[in-house]
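Encoded as structure tokens, the structure appears first; notes follow it.
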Amino acid sequence: MDDVLIGTLVASTLRVSVPLILCALAGVLSERSGVIDLGLEGKMLLAAFATASVGAVTGSMALAVAAAIVVGVALSMLHGYACVTHGGDQVVLGVAITMMAAGLTVVLGIAWFSLGGQTPPLAEAVRLHPLLTGVAGAVREVPVVGPTLALALFGHNAFVYGALAAVAAVWWLLFRTRFGLRLRAAGENPIMVDAAGVSVKGLRYRALALNGVLCSFAGGYLVLAMNPSFIPNMTAGRGYMALAAMIFGKWHPVGALWACLLFGFLDAVSIRLQGVPLPVVGEVPVQAIQALPYVLTVVLLAGFIGRAVAPKALGRPYVKER
Amino acid sequence: MEGCIEARCGQPLRLALPVSQPVELPRWVDVAVLPAVNLALALAVAAIVVLVVGFQPTQVLALLVKGAFGSKVGLSYTLYYATTFVFTGLAVAVALHGGLFNIGAEGQAMLGGLGVGLAALGLGPHLPMALVLPAIVLAAALFGLAWAAVPAALQAWRGSHVVITTIMFNFIAAALLGYLLVNVLKEPGNMAAETAAFAPSARVPGLHEALAALGIEWPRTPLNLSVVLALAAALAVYLTVWKSQPGYAMRAVGFAPEASLYAGIRPPRLIMLSMAISGALAGLVGVNEVAGAHGRLLGEFVAGAGFTGIAVSLIGRNHPLGIVLAAILFGALYQGGAELAFEIKGFSRDMVFLLQGLIVLFAGAMAQVAAPWLARLVGLSRRLQAPPPAPRAG
């Protein structure tokens, strides 16, 4: 019985962590290039709406995902236009994007679908389906650990494996390519990047474009895998939790992955722990577990458990000297 | 210092105050025309969205104005919403003057409401109104202050970025309030997570009650005497920030942190001061909403007002007078939007949230985009007005 519990816990942790991982990676990319992103929540929400409405109308998953990417990248370009080109306040812009997305999704949703802001449920063809079910069946035959492993790691949808692959890809991009080196330099010491003849603004725009794509996938996942239709404010603070995870992971893709899995685990476990007394601490209120990611992040930021080191030029618009 | 999060050394992150334009504009343009232009841009984009969803922007605007100002009830609701926005707008503005961006007004307001609830439930049944109401106002301010003081102290002495910590504190506040309401303060037998109704002595009198005492008839609305407290708060902020020595020091730190260091101002204390005032102001939302409008503590009474405060502060140019005007504008949008949703089928009140985001976009993040255009326009009109240069002799 415990095997099943562990297996399902790992599986649900993975599943709820996917949007966090994708969003946190988006945050890592833009913040490593020196651009604060408080708009993760808004980008994800509008992308989710685009996926759901295009998916519901056309019945095509490819078009739905494409629409999400267009919307996510467009928001990121707005981010770049205001903050990179015009040196606007990055924090304020993130707040603006999140507010606009919260309003616009409901306004358009009610006007287009008349379902109180929801979209019609997506057809089965537009939903993500489990992969590797055959492997899962084979693994289940392995004695002792087989059933747990099969439940925990196999039979997830493509986005789950995609998100894990994206962690590796972003790590490789940031730390093993010339583009990544320059991108990180733009976030640490943009003057040097400029002196080397590389465009700081160009790098930041490209980082934001990738950021938009990742946010789109995070938003798309919410409707393609979690809930079959768009619901107003369905991101429910996940963008901010991803931001916390990115900081908790010290602006590193792998660190962010662990933080997202930790926060996802807390999310998955909080419902199961309701009313269950734990050893030592007794019964833990569900709100305490829900608040724990934020408390941990504050404690980390305060420097009580290690130190979170932000990119040095984070939040500073780069103005080329003339 | 290597690898500090902007502010390890007690220096707050320098956020570009929208007051300081890189482009020199005449004062009247900077104070009046630029906010109007930014507001007009936001309204124009909102109008396009209104057109896209199939309504007439002029019709929507007319209905909105009528709903917000066309009747005593509408006007009262507008002012009731505005009261809350004055508090959160002032909260954001005071922190901005100290160079800090307080996204935590939402959570500080929740804690303010908690303070109101505890004071009202504890003292209400035993003491007369003359003692309970001051206690309620004090509790609201102190609870909001305390909730802002933790991120402020972490910024001042540990260098933790106040933007991030205040966001985190919003979520922690929501969890705390949710826990207390469900497990501790909930009225037994009530399905909803809310406390019992407060005793009459713990309720801020409604404006209709106050006016009835003066012999004036006024319809019953949530508008209450907190509106007077809001105006007093605006005046107090003006006097503190512009006319007092600590306020001067605060603005100095916000405007030029390095110069103020040379002037002998210690930033950590000023960070604490500006965030404390900011949190206390946000906490006062609890007086209007919990002790005034609802008469009991419930979970969702802030409902995004902390974020609206950002828009109010930005469009009000961080000045109390501007903030009062901007708060009335947003109060009108909220009330008019609610009326619109009744009048026009398929129109969502969330249009207001979109407009709010657009205002933050144009008046805040993209404030610098319109300024050079205006500067060019002003320069052009000056050249046109100036007398043509005298023909050179010879």
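The values are calculated or read from the model by the stated rules, or taken from the named source; none is laboratory data. Quick caveat: nothing in here was measured; it's all calculated off a predicted structure. Neighbour counts run over all protein chains shown; Cβ positions are idealised from the backbone, glycine included.
I need a count of the residues in the stretch B:345-388 that are over 16 Å from B:F307 (Cα atoms), in contact with a helix residue (DSSP H, G or I) (Cβ under 7 Å, 6 or more places away or on another chain) and polar (S, T, N, Q). Number satisfying all stated conditions: 1. The lone criterion from (1) closer than 27 Å to A:G42 by Cβ; (2) touching a helix residue (DSSP H, G or I) at 6+ places or on another chain (Cβ under 9 Å) left unmet by A:V142 is number (1). Could you check, for the stretch A:256-265, whether at least one of its residues is within 14 Å of chain B (Cβ to nearest Cβ) and either of a type outside the set (S, T, N, Q) or in contact with a Cys (Cβ under 7 Å, 6 or more places away or on another chain) (or both)? Yes, there is a match, as at least one residue in the stretch A:256-265 is within 14 Å of chain B (Cβ to nearest Cβ) and either of a type outside the set (S, T, N, Q) or in contact with a Cys (Cβ under 7 Å, 6 or more places away or on another chain) (or both). Given the criteria out of contact with any Ser or Thr (no Cβ under 8 Å at 6 or more places or on another chain) and farther than 16 Å from B:T84 by Cβ, does B:A280 qualify? Judged against the criteria, B:A280 is not a match. Counting residues in the stretch B:187-198 that are under 16 Å from B:V290 (Cα atoms) and within 14 Å of another protein chain (Cβ to nearest Cβ) gives one or more. Taking (1) in contact with an Asp or Glu (Cβ under 8 Å, 6 or more places away or on another chain); (2) aliphatic (A, V, I, L, M); (3) over 19 Å from B:R27 (Cβ atoms) in turn, B:A375 satisfies each apart from (3).
Number of residues in the stretch A:66-85 that are surrounded by fewer than 17 Cβ atoms within 10 Å (Cβ to Cβ) and closer than 16 Å to B:F362 by Cα equals 2. Checking B:L214, B:L239, B:L235 one by one, the residue that is out of contact with any helix residue (DSSP H, G or I) (no Cβ under 9 Å at 6 or more places or on another chain), surrounded by fewer than 16 Cβ atoms within 10 Å (Cβ to Cβ) and more than 13 Å from every other protein chain (Cβ to nearest Cβ) is B:L214 and no other.
Restricted to helices (runs of 4 or more DSSP H) entirely inside the stretch B:214-270, those with at least 3 residues that are modelled with pLDDT of 85 or more, in contact with a Pro (Cβ under 8 Å, 6 or more places away or on another chain) and within 20 Å of B:V94 (Cβ to Cβ) are B:226-243.
Looking only at the stretch A:223-255, residues that are under 12 Å from the mean Cα position of the chain (by Cα) and either modelled with pLDDT under 95 or within 14 Å of chain B (Cβ to nearest Cβ) (or both) come to 11 in all. If you go through the stretch A:1-55 and keep only what is surrounded by fewer than 23 Cβ atoms within 10 Å (Cβ to Cβ) and closer than 16 Å to A:Y240 by Cα, you end up with just A:V16.
The selection criterion, being at pLDDT below 90 and either farther than 20 Å from A:S216 by Cα or more than 14 Å from chain B (Cβ to nearest Cβ) (or both), holds for A:V126. For a quick check of your reading of the model, give me the residue pairs whose first member lies in the stretch A:145-168 and is of a type in the set (V, I, T), whose second is buried (at least 20 other Cβ atoms within 10 Å of the Cβ), with beta-carbon atoms closer than 6 Å and at least 6 apart or on different chains. Sorted first by the residue in the stretch A:145-168, then by its partner, the pairs are A:V160/A:L14; A:V160/A:V18; A:V167/A:P253; A:V167/A:L257. Listed by first and then second residue, the pairs with beta-carbon distance under 7 Å, at least 6 apart or on different chains, first residue in the stretch B:301-318 and more than 13 Å from every other protein chain (Cβ to nearest Cβ), second surrounded by fewer than 24 Cβ atoms within 10 Å (Cβ to Cβ), are B:F301/B:H294; B:G316/B:G322; B:G316/B:L325; B:R317/B:V19; B:R317/B:V31; B:R317/B:P35.
As a summary of the residue check, A:I231 satisfies the conditions (1) on the phi < 0 side of the Ramachandran plot; (2) in contact with a Leu (Cβ under 8 Å, 6 or more places away or on another chain) except for the one numbered (2). A:T297 meets all of the listed conditions (1) more than 29 Å from A:L29 (Cα to Cα); (2) under 23 Å from the mean Cα position of the chain (by Cα) but one, namely (1). More than 11 Å from chain A (Cβ to nearest Cβ), in contact with a helix residue (DSSP H, G or I) (Cβ under 8 Å, 6 or more places away or on another chain), under 29 Å from A:V284 (Cβ atoms) and modelled with pLDDT of 90 or more: is that true of B:L118 in this structure? Yes; evaluated as a whole, the condition is true for this residue. Considering B:L176, B:L145, the condition of being closer than 19 Å to B:I277 by Cα and either in contact with a helix residue (DSSP H, G or I) (Cβ under 6 Å, 6 or more places away or on another chain) or within 11 Å of chain A (Cβ to nearest Cβ) (or both) is satisfied by B:L145 alone. Looking across the stretch B:338-351, just one residue is without any contact (Cβ under 8 Å) to a residue 60 or more places away in the chain, facing chain A (nearest Cβ under 7 Å) and of a type outside the set (D, E), and that is B:S348. Counted as qualifying within the stretch B:276-394 are the helices (runs of 4 or more DSSP H) with 1 or more residues that are surrounded by fewer than 22 Cβ atoms within 10 Å (Cβ to Cβ) and on the phi < 0 side of the Ramachandran plot, namely B:320-343, B:367-385.
Residue-wise test of (1) in contact with a strand residue (DSSP E or B) (Cβ under 7 Å, 6 or more places away or on another chain); (2) under 23 Å from A:F248 (Cβ atoms); (3) aliphatic (A, V, I, L, M).
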| position | (1), (2), (3) |
| --- | --- |
| A:D3 | no, no, no |
| A:L9 | no, yes, yes |
| A:S12 | no, yes, no |
| A:I21 | no, yes, yes |
| A:G34 | no, yes, no |
| A:A56 | no, no, yes |
| A:S60 | no, no, no |
| A:G80 | no, no, no |
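Of the listed requirements (1) farther than 25 Å from B:W157 by Cα; (2) β-branched (V, I, T); (3) surrounded by fewer than 24 Cβ atoms within 10 Å (Cβ to Cβ), A:T235 misses just one: (3).
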